[in-house]
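The values are calculated or read from the model by the stated rules, or taken from the named source; none is laboratory data. Every value quoted in this text rests on a predicted model; they were computed, and no experiment measured them. Glycine gets a Cβ as well: all are built from the backbone with ideal geometry, and neighbour counts include every protein chain shown.
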C-alpha cells in the first residue's frame, strides 16, 4: 500500500509499545506436538497421542476444517512425500479415503468417501462433507498410501432460525514465521472456540533476512507456484498452528502478504519491477497455493489470477458473517490526503459492496459481522492539527467508507472484525470522523498479530501514542502486544477478551486477559468494561460490568 504522506508504498504501522497494557497472567498452555512428532488431535485439552497415533509423514501438514454450514463442512489435508528426494515423489494421483464420526474413536462413522489428491493441486484434498446435523461436533480423518492422518475435530453451524446461546469466535491475523513462534494458538485451543476467523497475512512473502527466531525457507521471496507451496508448507509445520487447525473450523481470507506486500487489485507494490501481466501471473500462483493449503469453500477452484473469496456464513438467527475481499477489487492506494478523499476510489468495488449491503439488510440475524482485512475506523497519525492517514486501510478510500457507514443505521448490529495492524484497536464506527459529535453507527475490533513485529518496546510505543490519542477519541484501546481476540456472541451482546502473550521469542510465553469489552444488542458502539493494570484510552470505561467475561 501507499503509506502516509508522499508516495511511500509501505503501510504506516502504529509505532512500538502499548497505551493500554494488561498485566501478565497465568499461562493456560495447551499441549502441542513437537515438530517431528506424530499424534492425533482429539480436542482441546486432550494429551498428545490421545486417540489414533499416526505417522508423521505423508500427513505431516495435518488436517483442517472450515467454512461450516448447518449440514456441511469443508475437510482438508495435503499429502507430502514420505521421504525427501527422488524416492519420496508421490504418484500423480492418489486416492484418499475420508471418514466423519460422532466420536473420536470412530465407532460411529456417519459419512465417508474417497477423494483424489492430484499433483495439479499439490496433492491437496478438499472434501465438502454434507448430510451432517446442525450444531454438532464431529471428528474426521483421512487415509492414503497405507497411512492414517491425525484426527481433527470440527463443528457444524446452527440450523437456520435456531437461536444458539453462544457463538465463540477467535479472531486472528498476521503470523510471521521469522518474527516469533505461534504459541498464542496454544491458549486459543484451550478456550475451545466454535470458529477461528483468520483475516489475513497467513504467510509472509519476505525473504530469509532480518529474522528473529527462525528463518524463512528458500533463498528469496516466493514468486512461482512451487515457491508459494514451499512457504505454505513451512508454515503448516508449526506445531501450535497445526494443533489449532485440527481442533476447530477456520474461516480464512487473504490480505496482502499471501501474495506481495501492499498489492492493490492488478497493481504490484513495485509496478516497474512487476508490470501488470507479470504480476497477475504471480498472483495466480499465490492464489492457487493459498487454496491448496486452506479449508476453504469457493465456487470455482483457482485457475488464474482471479478467485471469488468474499462470502457469507450464517449461524442460525444469531449471526451472519460476511467475509470481505479488500484486496482483489481495490484501486491502487492514494499517495496523499486529497487522493484518499477522491470520489470513485474503491476498496471493495461496486459489485461486492452491493452484495454486502443487500446481505446485511435482508439478514434476520441479531448480529451482522464483517470480516475486513484492513482497519475501517479512522487512524489519525498526526497529533494536533491536521490529518495523516494510512492509505492502505479504509482511510485511503474515504468516500466508499462513508457510503458504507451511511448504510449501517438501517442494519442490525453491524460489527467489523479486522486485522493487519499488528495492534489491538477497539473502536466506535462513526458517520463522519471530521465531526467529533458525529453519530456512532457500529463497532470494530482490530485484532493484534499472532507473531508479526515480535516482542515490542512497550514503553516506547506508549510514549509515541499518548499524544495522539486525543486525535482518535473513537478508540477504546490500543495495545501492541501479540495475541488474539476472543468474542462470545450471544443474543444480548458481544463480550470480547483481549488475550495477550508475554513473549513470542520463545515457546514458553504466558497468555492472559489484558482487557474486556462489551457491545450490547441495539446499542451502536463498544465500551471497555475491564482492564488489568493499565492506563486507559480517553473515553474508555473501567467499571466492571456484570456482562464482562472474566
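Do you know which residues across the stretch 211-265 are in contact with a strand residue (DSSP E or B) (Cβ under 7 Å, 6 or more places away or on another chain) and in contact (Cβ under 8 Å) with a residue 60 or more places away in the chain? Working first, answer last.
Initial filter on the stretch 211-265 (in contact with a strand residue (DSSP E or B) (Cβ under 7 Å, 6 or more places away or on another chain)): 244-253.
Hits for the stretch 211-265 are 245, 246, 247, 248, 249, 250, 251, 252, 253.
The set of residues in the stretch 196-229 that are in contact with a helix residue (DSSP H, G or I) (Cβ under 7 Å, 6 or more places away or on another chain), surrounded by fewer than 20 Cβ atoms within 10 Å (Cβ to Cβ) and part of a loop (DSSP other than H, G, I, E, B) comprises 217, 218, 223, 224. Every listed requirement among (1) assigned to a loop (DSSP other than H, G, I, E, B); (2) buried (at least 19 other Cβ atoms within 10 Å of the Cβ) is met by residue 273 save one, (2). Mind listing just one residue for me: the one in the stretch 83-107 that is buried (at least 17 other Cβ atoms within 10 Å of the Cβ), more than 29 Å from the chain's Cα centre (by Cα) and closer than 14 Å to residue 146 by Cβ and, of those, modelled with the highest pLDDT? In this case the residue turns out to be 94. The residues on offer are 479, 495, 428, 420, and the sole one that is modelled with pLDDT of 95 or more, at positive phi and buried (at least 20 other Cβ atoms within 10 Å of the Cβ) is 420. I'd like to know if the stretch 234-254 contains one or more residues that are more than 26 Å from residue 150 (Cα to Cα) and either surrounded by fewer than 19 Cβ atoms within 10 Å (Cβ to Cβ) or out of contact with any helix residue (DSSP H, G or I) (no Cβ under 8 Å at 6 or more places or on another chain) (or both). No, because not a single residue in the stretch 234-254 is more than 26 Å from residue 150 (Cα to Cα) and either surrounded by fewer than 19 Cβ atoms within 10 Å (Cβ to Cβ) or out of contact with any helix residue (DSSP H, G or I) (no Cβ under 8 Å at 6 or more places or on another chain) (or both). For the stretch 278-308, a residue qualifies if it is surrounded by fewer than 21 Cβ atoms within 10 Å (Cβ to Cβ) and within 30 Å of residue 361 (Cβ to Cβ), and the qualifying residues are 297, 298, 299, 300, 306, 308. Take residue 308 and tell me if it is in a loop (DSSP other than H, G, I, E, B), under 20 Å from the mean Cα position of the chain (by Cα), without any contact (Cβ under 8 Å) to a residue 24 or more places away in the chain and under 18 Å from residue 201 (Cα atoms). It is true that residue 308 is in a loop (DSSP other than H, G, I, E, B), under 20 Å from the mean Cα position of the chain (by Cα), without any contact (Cβ under 8 Å) to a residue 24 or more places away in the chain and under 18 Å from residue 201 (Cα atoms).
Scanning the stretch 172-195 for residues that are under 13 Å from residue 448 (Cβ atoms), assigned to a loop (DSSP other than H, G, I, E, B) and either modelled with pLDDT under 95 or in contact with a strand residue (DSSP E or B) (Cβ under 7 Å, 6 or more places away or on another chain) (or both) turns up just one, 173. Looking across the stretch 377-399, just one residue is under 23 Å from the mean Cα position of the chain (by Cα) and surrounded by fewer than 24 Cβ atoms within 10 Å (Cβ to Cβ), and that is 378. Within the stretch 505-514, identify whether any single residue is at pLDDT below 95, in contact with a strand residue (DSSP E or B) (Cβ under 7 Å, 6 or more places away or on another chain), farther than 30 Å from residue 386 by Cβ and not in a strand (DSSP E or B), and answer yes or no. No: the stretch 505-514 contains no residue that is at pLDDT below 95, in contact with a strand residue (DSSP E or B) (Cβ under 7 Å, 6 or more places away or on another chain), farther than 30 Å from residue 386 by Cβ and not in a strand (DSSP E or B). Checked against the criterion of being assigned to a loop (DSSP other than H, G, I, E, B) and surrounded by fewer than 20 Cβ atoms within 10 Å (Cβ to Cβ), the candidates 436, 467, 459 yield just one match: 436. Among the residues of the stretch 439-456, the ones that are within 15 Å of residue 483 (Cβ to Cβ), assigned to a loop (DSSP other than H, G, I, E, B) and out of contact with any helix residue (DSSP H, G or I) (no Cβ under 7 Å at 6 or more places or on another chain) come to 9 in all.
Filtering 226, 243 for residues that are under 22 Å from the mean Cα position of the chain (by Cα) and either closer than 25 Å to residue 121 by Cβ or at pLDDT 95 or above (or both) leaves a single hit, 243. For the criterion of being in contact with a strand residue (DSSP E or B) (Cβ under 8 Å, 6 or more places away or on another chain) and more than 30 Å from residue 372 (Cβ to Cβ), residue 105 fails.
What about residue 314, is it at pLDDT 95 or above, assigned to a loop (DSSP other than H, G, I, E, B) and either more than 20 Å from the chain's Cα centre (by Cα) or crowded, with 19+ Cβ neighbours inside 10 Å (or both)?
Values: at pLDDT 95 or above: yes; assigned to a loop (DSSP other than H, G, I, E, B): no; either more than 20 Å from the chain's Cα centre (by Cα) or crowded, with 19+ Cβ neighbours inside 10 Å (or both): yes.
No.
Return yes or no: is residue 157 modelled with pLDDT of 95 or more and either outside any strand (DSSP E or B) or over 17 Å from residue 62 (Cα atoms) (or both)? Answer is yes for this residue.
Evaluated against (1) under 28 Å from residue 366 (Cβ atoms); (2) under 24 Å from the mean Cα position of the chain (by Cα); (3) surrounded by fewer than 16 Cβ atoms within 10 Å (Cβ to Cβ), residue 518 falls short on exactly one condition, (3). Within the stretch 410-419, the residues that satisfy the criterion of being out of contact with any helix residue (DSSP H, G or I) (no Cβ under 7 Å at 6 or more places or on another chain), assigned to a loop (DSSP other than H, G, I, E, B) and under 21 Å from residue 523 (Cα atoms) are 412, 413. State yes or no: is residue 178 under 21 Å from residue 509 (Cβ atoms), free of Cβ contacts under 8 Å to residues at least 60 places away in the same chain and crowded, with 16+ Cβ neighbours inside 10 Å? In short, yes. Counting only residues that are at pLDDT below 95 and either assigned to a strand (DSSP E or B) or touching a strand residue (DSSP E or B) at 6+ places or on another chain (Cβ under 8 Å) (or both), the stretch 123-147 holds 2 of them.
Here is a check on your reading of the model: is residue 502 at pLDDT 95 or above, within 20 Å of residue 418 (Cβ to Cβ) and out of contact with any helix residue (DSSP H, G or I) (no Cβ under 7 Å at 6 or more places or on another chain)? Criteria not met by residue 502.
Residue 258 fulfils the conditions (1) outside any loop (DSSP other than H, G, I, E, B); (2) in contact with a helix residue (DSSP H, G or I) (Cβ under 8 Å, 6 or more places away or on another chain); (3) under 23 Å from residue 481 (Cα atoms) except for a single criterion, (1).
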